[in-house]
Amino acid sequence: MNDVFELRSADAAGRIGELRVPRSDTIVETPALMPVINPHLQTISPARLETEFGAEICITNGYIISQSDYREEALSKGLHEFLDFSGAIMTDSGAFQLAEYGDIDATSADILDFQYRIGADIATPIDIPTPPEASHERAADELATTQSRLESVSDVDTGAMLVNAPVQGGVYTDLRERAARDARETGLDLHPVGAVVPLMNDYRYGEMVDVVAAAKRGLGAASPVHLFGAGHPMTFALAVALGCDLFDSAAYALYARDDRYLTVRGTERLPELDYLPCECPVCVAHTPDDLRAMPDDERETRLAEHNLYVSFGELRRIKQAIRRGDLLELVETRARGHPAMVDGYRALLDHTDRLERQDPASKDAFFYLSAESAQRPEVRRHHERLARLSVEGDVLLTEGDINTAYDASWRVVPPFGPFPRALSETYPLTAEVPERLDDAAYEQAAEGIRRLVETNPDAEFTLAHRSWPERALGALPERVTVRPLESMDEYEERGEGES
Ligand code: GUN
Ligand code: ZN
């Protein structure tokens, strides 16, 4: 177990956790949003981030401070006093700036040491963010450099400061998984997944999910994971469901400068808004015309406030969903905001095998909301259970009532398939399912039947169904006799059978 991070609740691969930050003697509840503080340009002061928005942790850039006029002030006062922020402070290393502007004269050790001397609570070595277009060879080379820098962190005095071990590897999942295993081996404290910003900017959410899932496979569940540069609230639920614990947002301020208005469904542009679709104090007190009429800096501040309200609000919603056990329903709802998010959600469900291990066995309710719901981990888990259930004789699988003309009369409910009636009141078989089901639900139910039939070669099976589509019926094993439910006669249905 990681000794600074404790898990409290879980749903899918998402979790509520506690990150203990010894240097500031603080505890950060995760998932957490770290607003990015640009010392040159404080749209919202760090003190306001803490008191008005509830930020328990923020992030600033150690490299930029080291190169700026603030260098001496930060060194003499320490970051907490310099920024006026009493929560935990993470510093980045400038790796992103370096990737853009080429070489610099400082080593990773120098920059780490600077972060230590200004009093950072969590510091970052200089990793290399490999862009998505890089070849496998280049990604592997750059990863080797990142890894050697992580291994030499132990040469620097870092005291009680926690240190990030970023996971790179470009878009290559084999490299990401290996990078993650190696990063974990270093014994460093947190694991940011890096270089996903270009994927997110291009709406490549499916690839982003594959890359993060690969990193999670290498890291295991115990490590706290930060999704570097992910500040858009539309992606939070998806990323949390994958097992990300920390987010940093420069977006709240950057977008505000450009009149961009964040929502959980995507980004709006203030010049195009007729209404403000939000309940935050800014949006309740103003109309779009009010905001447009403001001087630039005031408008920027109001938009940044709105952007923060939305971002922190989404994180609270996500935490409540984890507690209630309906995080995947929230992810599914968010996925409907953009077709690229649907890809992200489908990619998440492709990693169901790994999601399963963390998912609590019992939750409030399973809502079947779309064809993707048929691929949820609970459905897979039920099928695995069916492959272990034994049943004998003439077995009726029916959407109708008990029928005593058979040796056993099990219920069958798409997308799960069959189950003994005694399980009817247990999760997820208490699922709420729409009347007008899609084919995916029936096909998964057929898969459930297939598993049960395969495990019980000596039993005889009859499926009495209401209106299953041909494709699902065609997927049933030959040993299943199919009968429309209405063809089951009264005599049988009342259970006064021949026996
Ligand atoms: N900020 C956004 N992405 C990255 C990354 O990959 N590495 C670092 N150090 N900072 C980032
Ligand atoms: Zn608002």
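Going through segment 164-186 one residue at a time, which ones are within 14 Å of residue 139 (Cα to Cα) and among the polar types (S, T, N, Q)? Within segment 164-186, 168, 173 qualify. For segment 266-303, a tally of residues being closer than 24 Å to residue 235 by Cβ and among the charged types (D, E, K, R) returns 6. Could we say that residue 120 is more than 16 Å from ligand 2 (Cβ to nearest atom), surrounded by 24 or more Cβ atoms within 10 Å (Cβ to Cβ) and assigned to a helix (DSSP H, G or I) here? Answer is no for this residue.
Selection of segment 234-292 for residues being small (Gly, Ala, Ser) and within 11 Å of ligand 2 (Cβ to nearest atom) yields only 285.
The residue that is nearest to ligand 2 (Cβ to nearest atom), counting only those in segment 293-316 that are surrounded by 15 or more Cβ atoms within 10 Å (Cβ to Cβ) and basic (Lys, Arg), is 302. Could we say that residue 30 is in contact with a Lys or Arg (Cβ under 8 Å, 6 or more places away or on another chain) and either under 20 Å from residue 160 (Cα atoms) or at pLDDT 95 or above (or both) here? Yes. Can we say residue 468 is touching a helix residue (DSSP H, G or I) at 6+ places or on another chain (Cβ under 6 Å), buried (at least 19 other Cβ atoms within 10 Å of the Cβ), of a type in the set (A, V, I, L, M, F, W, C) and not in a helix (DSSP H, G or I)? Yes. The condition (being under 23 Å from residue 429 (Cβ atoms), part of a helix (DSSP H, G or I) and out of contact with any Asp or Glu (no Cβ under 9 Å at 6 or more places or on another chain)) is satisfied by just one residue among 298, 372, 314, 329: 329. Of note, residue 247 does not satisfy the criterion of being at pLDDT 95 or above and in a helix (DSSP H, G or I). Hey, does segment 162-174 have a residue that's within 21 Å of residue 111 (Cβ to Cβ) and surrounded by fewer than 19 Cβ atoms within 10 Å (Cβ to Cβ)? No; the residues of segment 162-174 include none that is within 21 Å of residue 111 (Cβ to Cβ) and surrounded by fewer than 19 Cβ atoms within 10 Å (Cβ to Cβ). Looking only at residues in segment 397-421 that are aliphatic (A, V, I, L, M) and not in a strand (DSSP E or B), the one that is nearest to the chain's Cα centre (by Cα) is 402. Answer with yes or no whether residue 331 is among the aliphatic types (A, V, I, L, M) and within 15 Å of residue 43 (Cβ to Cβ). Spelling it out, it is not the case that residue 331 is among the aliphatic types (A, V, I, L, M) and within 15 Å of residue 43 (Cβ to Cβ). Looking only at residues of segment 82-117 that are free of Cβ contacts under 8 Å to residues at least 40 places away in the same chain and of a type in the set (Gly, Ala, Ser), we find that the one that is surrounded by the fewest Cβ atoms within 10 Å (Cβ to Cβ) is 102.
For segment 41-64, taking the residues that are of a type in the set (A, V, I, L, M, F, W, C) and more than 30 Å from residue 107 (Cβ to Cβ), the one that is surrounded by the fewest Cβ atoms within 10 Å (Cβ to Cβ) is identified as 47.
Listed here are the residues, each with its yes/no results for (1) on the phi > 0 side of the Ramachandran plot; (2) more than 16 Å from ligand 1 (Cβ to nearest atom); (3) free of Cβ contacts under 8 Å to residues at least 60 places away in the same chain.
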site	(1), (2), (3)
253	no, no, no
293	no, yes, yes
328	no, yes, no
339	no, yes, yes
349	no, yes, yes
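With respect to the conditions (1) touching a residue at least 24 places away in the same chain (Cβ under 8 Å); (2) crowded, with 16+ Cβ neighbours inside 10 Å; (3) over 29 Å from residue 193 (Cα atoms), residue 286 falls short on a single one, namely (1).
For segment 176-201, a residue qualifies if it is free of Cβ contacts under 8 Å to residues at least 60 places away in the same chain and away from ligand 1 (no atom under 14 Å from the Cβ), and the qualifying residues are 177, 178, 181, 182, 184, 185, 186, 187.
Evaluating residue 125 against the criteria (1) part of a helix (DSSP H, G or I); (2) closer than 25 Å to residue 57 by Cβ; (3) of a type outside the set (A, V, I, L, M) leaves one unmet condition, (1). Taken as a whole, the structure leaves residue 321 outside the set of residues that are within 16 Å of ligand 1 (Cβ to nearest atom), within 25 Å of residue 208 (Cα to Cα) and among the aliphatic types (A, V, I, L, M).
The values are calculated or read from the model by the stated rules, or taken from the named source; none is laboratory data. All values derive from a computational prediction rather than experimental measurement. Note that we place each Cβ from the backbone using ideal geometry, even for glycine, and neighbour counts take in every protein chain shown.
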